[in-house]
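These notes are about the structure you will find just below.
The values are calculated or read from the model by the stated rules, or taken from the named source; none is laboratory data. Nothing here was measured: the structure is a model prediction, and the numbers come from that model. Positions of Cβ are backbone-derived with ideal geometry, glycine not excepted, and every protein chain shown enters the neighbour counts. Accessible surface areas use protein heavy atoms only, side chains included; no ligands, DNA or RNA. Shrake-Rupley method; radii C 1.70, N 1.55, O 1.52, S 1.80 Å.
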Amino acid sequence: MATLIHTLADHSDDVNYCAFSSSCLATCSLDKTVRVYSLSNFAELPYSPLKGHTYAVHCCCFSPSGRVLASCSTDGTTALWDARDGRRLAVLEQPGASPVRVCRFSPEATYLLSGAADGSVVLWNMQSLKLYRSGNVKGGSLVACAFSPNGNFFVTGSSSGDLTIWDDKMRCLCNEKAHDLGVTCCDISSHPVSDNENGFKYFQMASCGQDNQIKLWLILFADISGVELKYKCTLNGHSAPVLACAFSCDGQMIVSGSVDKCVIIYETSTGNTLHTLSQHTRYVTTCAFAPHSPLLATGSMDKTVHIWQLDLRQPCAGDTVENKSKVAVEDWSEDDVSAWLCAQDLADFVGLFKMNNIDGKELLNLTKESLANELKIESLGQRSKVLQKIEELRMTMISVSVPVPDEFLCPITRELMNDPVIATDGYSYEREAMENWISNRRSSPMTNLPLHSLMLTPNRTLKMAISRWLETQQK
C-alpha cells in the first residue's frame, strides 16, 4: 500500500514541516530555509531554496490556489512567497515578536492564521496584509491549528494540552483539555461525518500529543448557543510522543509520525493500522498527504523527507485491508460497485445502482445529467456527493508521475472540474462550487474584489481539454 519512491536530502538540519499544493511540495527546516520541489519529478525548483528567515523555520503552507506559500519562524515573522517564482511578497511581524510556530490559510484564502510561542494567535487579512484579529491561549505556546472546511471556525492546540475552537471573529467557542502533556498537532477532515441517528453533520478532527496518543473528535455546531466537541476514540500504536498527524483528502486515512521514528497509517472508520513505516532514523516531525495524487510525504530530524506512493485502489467485494483486489475499476462487476458504494457511505444507492445494472465501466461514465435523468436521483446534494466520490475514484486511476495541471482544478474546491464556467473576474470555476459561492457573497474567490456581474459562462474549451487529458491518463 505504501512504497518509498524518493528521498529528499537537501536540508542541512532537522526537517520541521512539509506541505503539498497540487503541483509542488514545500519543506522547511532548522537550517532557516524553505525548499520547493516539483511533483512531476521531485526536482527542486530553480528559485529554491527560499532564504530570508534569520532563524529556524517551523511551518509552511500553500494557499488554496497554490500560488502563495507561507512560512513562519523563530525570528517572529511569517513570510509570504510567490510559489511561481519565489519572490517574497510580504513579511508579517507577530505582535510581541514571539517565535511563530504554526501558520495556516483559511479555505477561501481570506485569512492567514499564525500562532506563536507566547500563546498569541493572529488572523491576517490576505487582501490588505494587515492584522485582522488577535487572541491568546492561556498557559502555553500555540503549536497547532486547523481550519474547518467551510472556514467558519478554526481549532488551535497548545503546549498546555488544550484544544480551543474559535470563530472567524476570534471568539472562543469551546475549550477542552485534550492531551495531558501537551498537544503537538491537529487536523480537521475535509469530509463531514453523518450522525444517522439525528441527521447531523459532524466535522471530524484528529489531535496528537506528548502522551503518545492520537485522539479523534467530532465537532458539531449544535445550535446558536455554541459548539459541541465530542471525544470519539483513541488510536494507539506509537510508543513515544506523537509529533504530527494528518487526514487524507478523502478522510478515509490518518497518518501520524512520532519520536519512536515510525510513521503509522490508520483507517479512519475502524482505527485499524494499515501500515507502519520505519525508514526514518530519527524523530518523525511532519507528515502530509498530497491533495490530488496518491502521495505521502514524511519529514524527520534525520534531515530527510521521504516520498511514499500509496495504493489507493478502492476495495471490491470480499477484499480485506491487507488484500486489495487488483481488478481495474472499469472491469468491476455490479457487486464490486455495490461494495464500493458501501465503503463510500453511499449504501442507500446500492439497490438503485443494481436495478440499473451499473458496473465499473458504467460507474465511470456517470454524469450529473445521467444521475438526474436516468437514475432519477432528485436531490442535488446526493448527486453531488456521488459525483465527488466518482471523481475521487477516477483520480486514483491516474498515474502519480503526471500531476493534474493546475488550470484544470477549481480554485474553490481544488478538485478536477467537471463543468467549468468563467466568472466575470476572468477565472474559471466548477459551476456548482461557484454558484454556491455567489449565493452567499458577491466577491471573487481569487481576488476578493466585488464581482460586477454574477453571470457564469460555460468554458467549453477548458471542458474539452480536461476530457482529452483524462482520456490520455486512463489509457
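Here the condition is being assigned to a strand (DSSP E or B), touching a residue at least 40 places away in the same chain (Cβ under 8 Å) and open to solvent by less than 30 Å² (accessible area, probe 1.4 Å); of 140, 157, it holds for 157 alone. Sub-9 Å Cβ pairs linking a first residue in the range 241-260 that is within 12 Å of residue 290 (Cα to Cα) and assigned by the TED database to the domain that holds residue 186 to a second residue that is open to solvent by 30 Å² or more (accessible area, probe 1.4 Å) and part of a strand (DSSP E or B), at least 6 apart or interchain, are 246/187; 247/187, ordered by first then second residue. Would you confirm, using the coordinates I've provided, whether residue 449 is out of contact with any Lys or Arg (no Cβ under 7 Å at 6 or more places or on another chain), within 26 Å of residue 84 (Cβ to Cβ), open to solvent by 30 Å² or more (accessible area, probe 1.4 Å) and of a type outside the set (S, T, N, Q)? Yes, satisfied. Filtering the range 172-202 to residues that are at pLDDT 90 or above, assigned to a loop (DSSP other than H, G, I, E, B) and at negative phi leaves 178, 179, 189.
Sub-7 Å Cβ pairs linking a first residue in the range 168-188 that is without any contact (Cβ under 8 Å) to a residue 24 or more places away in the chain to a second residue that is open to solvent by 20 Å² or more (accessible area, probe 1.4 Å), at least 6 apart or interchain, are 175/162; 177/162, ordered by first then second residue.
Annotation: residue 278 fulfils all but one of (1) farther than 25 Å from residue 148 by Cβ; (2) among the small types (Gly, Ala, Ser); (3) at pLDDT 95 or above; the unmet one is (3). Within the range 78-96, one or more residues are β-branched (Val, Ile, Thr) and within 24 Å of the chain's Cα centre (by Cα). Residues in the range 105-130 that are among the small types (Gly, Ala, Ser) and crowded, with 18+ Cβ neighbours inside 10 Å: 106, 109, 114, 115, 116, 117, 119, 120. Of the numbered criteria (1) in contact (Cβ under 8 Å) with a residue 40 or more places away in the chain; (2) buried (at least 20 other Cβ atoms within 10 Å of the Cβ); (3) over 20 Å from residue 211 (Cα atoms), the one residue 300 fails is (3).
Is it true that residue 407 is surrounded by fewer than 14 Cβ atoms within 10 Å (Cβ to Cβ), under 30 Å from residue 309 (Cβ atoms) and of a type in the set (Asp, Glu)? Taking the combined requirement at face value, the residue satisfies it.
Listed by position, the strands (runs of 3 or more DSSP E) enclosed by the range 1-100 that each have at least 3 residues that are of a type in the set (Val, Ile, Thr) and open to solvent by 10 Å² or more (accessible area, probe 1.4 Å) are 2-8.
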